[in-house]
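First the structure, in the form of structure tokens, and then the observations on it.
The values are calculated or read from the model by the stated rules, or taken from the named source; none is laboratory data. Keep in mind that this is a model prediction, so the values were computed, not measured. Methodologically, a virtual Cβ is constructed for each residue, glycine included, from the backbone with ideal geometry; neighbour enumeration extends over all protein chains shown. Remember, those area values only see protein heavy atoms, side chains included, never the ligands or the DNA or RNA. Shrake-Rupley method; radii C 1.70, N 1.55, O 1.52, S 1.80 Å.
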Amino acid sequence: MDLGDFEADNSVSCRLASAVPDICKTEDCCLGIDEAGRGPVLGPMVYGICFCPIKKKDDLKALKVADSKTLTEAERENLFSKIDEAKDFVGWALQILSPNTISNSMLQRVKYNLNALSHDAAIGLVQYALDCGVQLKEVFVDTVGPAEKYQEKLSQLFPGVEVTVRPKADSLFPIVSAASICAKVARDHAVKSWQFREDLADVDTDYGSGYPNDPKTKSWLQKHLDPVFGYPQFVRFSWSTVQTLLDSKAVPVHWDDEEEDGEKAATKQSCASMLSYFGRSKSSGRTPHRFFAERKLETLESL
């Protein structure tokens, strides 16, 4: 799987897709939706769709697709190759949500939680298929949140399409299993070939599974915590695991607000105010942190 478009800038989200088979533009089609990487603290979350003509469901089933979580990495790779080779009747598309996108969404002032992010990714992919001319009549989805409410939401957004939302849909419907495999293979490739935009020198790439309770992941997070800037963009800052580590091991920072004078509040907490940094002279002799150097930022003494 070629993730070149995403790897060119993994700080933002990216959509990848196969060509749409001609038969999918003339025959009634079914479409499955599933995701990979919802729970990990490291790497992207990937939403995937797979679609084919309804009359070709048995041909898809013959590829022996299954829930990606029950397959080995080698089995997933092999099945994705079969799905991709069946381009005369099967199409797929992916929405890769970067860790940076997830963190920024969940931590912004107006909260945009993971369920909303997931719903919008799924909705965007269904709309993409429709915009490409796929004749959708059936959509099958692995649920995020209450199944009935999600099904009602999708049915209202896509009138004329029969929507089925079920828990563990990836093990019930082959078209969802196929979407699950596409999403999981993409996430695996993205994590394995992650290009760190930060200058981390000898970065350890043995992160484990990326789940917060994985000992290897815990060790990696401990090792690569910068006391001032936290973590590289490979890490989801919005996860409670990361928040806990930053609270206990990073330099405390008081953010100035309108309710209290920043300098006084910082003094109370025994830490320097953010404003004090910008009050330093350029001639202070201190080498700027790489965060500023990489972005070509420097202090101005006058405007």
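Quick notes on this structure:
- Other residues whose C-beta falls under 14 angstrom from the C-beta of residue 189 contribute a net charge of -3, scoring Lys and Arg +1 and Asp and Glu -1.
- Carbon-plus-sulfur accessible fraction, the chain (probe radius 1.4 Å, protein heavy atoms only): 50%.
- Set of aspartates and glutamates near residue 69 by C-alpha distance (under 14 Å), chain-local residues within fewer than 8 positions excluded: 34, 35, 77, 142, 170, 188
- Neighbourhood charge, 15 Å Cβ-Cβ cut-off, centred on residue 7 and excluding it, Lys, Arg +1 and Asp, Glu -1: 0
- Efficiency of FRET from Cβ geometry, residue 155 and residue 295, R₀ 30 Å, rounded to 0.05: 0.05
- Computed over neighbours whose Cβ is under 14 Å from that of residue 78, the net charge equals -2, Lys and Arg +1, Asp and Glu -1.
- The overall shape of the stretch 3-193 is oblate: from the C-alpha gyration tensor, with semi-axes ordered a ≥ b ≥ c, the ratio a/c is 1.5 or greater and a/b is no larger than b/c.
- Accessible surface calculations at 1.4 Å, restricted to protein heavy atoms, place the chain at 54 Å² per residue.
- Largest first, the three principal axis extents of the alpha carbons in the stretch 94-225 are 54, 36, 29 Å in whole numbers.
- Backbone amide hydrogens, once placed in the peptide plane, bring residue 139 within less than 5 Å of 31, 162, 163, 164, excluding anything fewer than 5 places away on its chain.
- Rounded to 5, the percent of DSSP beta bridges in the stretch 3-193 classed as antiparallel: 65
- Virtual paramagnetic centre 7 Å along Cα→Cβ of residue 9, amide N under 12 Å, in the stretch 162-200: none
- Applying a threshold of 28 Å to the alpha-carbon distances of 168/249; 153/218; 25/57; 192/296; 111/216; 184/249 flags 168/249; 153/218; 192/296; 111/216; 184/249 as lying beyond it.
- Under 5 Å from the amide H of residue 226 lie the amide H atoms of 231, each residue being 5 or more positions distant or on a separate chain, with H modelled from the backbone and absent for Pro and chain starts.
- The sum of -39500 (n - 2.57) across all DSSP H runs of n ≥ 4, divided by the residue count of the chain, sets its helix-only mean residue ellipticity at 222 nm to -11000 deg cm²/dmol.
- In terms of its C-alpha gyration tensor, the stretch 113-186 comes out rounded, because the ratio a/c of the largest to the smallest axis stays below 1.5.
- Residue 240 accessible area, assembled protein chains, probe 1.4 Å, Å²: 80
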